[in-house]
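What follows is a short report on a single structure.
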Amino acid sequence: MSKLFSYIFPVTKKVQSDYNGILEITWYNGKKHLDAPNANYSYGNLQKVLKSGLQKIDLTNVKHVLLLGLGGGSVIETLRCDFQCNAFVTAIELDHKIIEIAKTEFGWANDPNLTMVCEDAYTFIKGHKDLYDLVIVDLFIDTKVPDKFLEPAFWEDVIKVLSIGGTLLFNASMEQNDRIKIAAIMGQLEQNSLNLQLLENVLGINTLVLAKKPER
């Protein structure tokens with residue numbers, strides 16, 4: 001019934017989360033969205049932004065994906081439905097309430113190729129030894145990327161878990177004050193011999209950084 005009414009007016013319910021304040025789950029024009037107080041988290045403009053980045057990536061041989069920042073799981077839907085990529089996805093999400101929302105509101109409880117881990121991405125990746133063909137970094141609290149995810153130590157760990165020939169997709173900070181740190185991250189990736197592509201002002205919203213580790 002909510003889906004039907006949403007073609008007339010949005011239908012919203014609010015959920016108090018542990019780290020992200022009050023989240024809104026909204027039916028709008030027949031599609032469900034997940035929003036933080038000042039930003040879309042899933043299934044709205046964010047999904048379109050990340051799809052723009054994924055379109056630049058050859059997903060043919062991607063078998064293992066590491067997703068840092070789950071949201072409602074919209075990027076997984078994009079991989080599965082738009083690119084027919086059924087790779088195994090390990091999704092790391094700090095907020096257990098968001099994991100619950102992804103499972104109950106967006107239907108991600110039963111995907112056999114998806115594992116959701118409730119843990120801080122910074123802690124998870126530190127010393128992690130598994131390798132991934134695609135690493136997606138989408139770590140926001142509302143509109144802000146927490147400072148520790150803009151520091152060199154975190155990105156050294158990200159580089160280490162990227163397989164030979166693997167690709168990194170980073171949904172970068174929207175804050176003007178973080179531009180110097182984003183430039184430093186790109187310099188760090190280049191120093192580690194990754195090939196870079198910068199997509200600025202994607203859909204007038206975000207900046208994406210694409211980086212590919214050389215085959216040899």
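None of the figures in this text is laboratory data; all of them are computed from the coordinates on show. This one's a predicted model, so the numbers in the text were calculated from it and none came from an experiment. Heads up, the Cβs are rebuilt from the backbone with ideal geometry, glycines too, and the neighbour counts pull from every protein chain shown.
If the chain linking Phe88 and Thr143 were pulled fully straight, counting 0.36 nm for each residue of separation and taking away their Cα-Cα distance, it would gain 17.0 nm.
Couplings 3J(HN,Hα) for region 13-21, derived from phi with the Karplus relation 6.51 cos²θ - 1.76 cosθ + 1.60 (θ = phi - 60°), are 10, 10, 10, 7, 9, 6, 10, 10, x Hz, where x marks Gly and Pro. Under a Gaussian network description of the chain, with springs only between Cα atoms under 10 Å, the residue in Gln176, Gln16, Gln197 that fluctuates furthest is Gln176. The peptide list 70-77, 82-89, put in order of mean Cβ contacts within 10 Å with the highest first, becomes 70-77, 82-89. Of the cross-linked pairs Lys13/Lys148; Lys63/Lys103; Lys56/Lys212, those separated by over 20 Å at the C-alpha level are Lys13/Lys148; Lys63/Lys103. Under the convention that each Lys and Arg Cβ holds +1 and each Asp and Glu Cβ holds -1, the size of the dipole of region 40-212 around its Cα centre is about 300 debye. Cβ-Cβ distance of Thr104 and Lys56, R₀ of 25 Å, FRET efficiency by 1/(1 + (r/R0)^6): the value works out to about 0.15. Can you work out the FRET efficiency for the pair Ile22 and Ile205, with r the C-beta to C-beta distance and R0 = 22 Å, to the nearest 0.05? So, using R0 = 22 Å, E works out to roughly 0.55.
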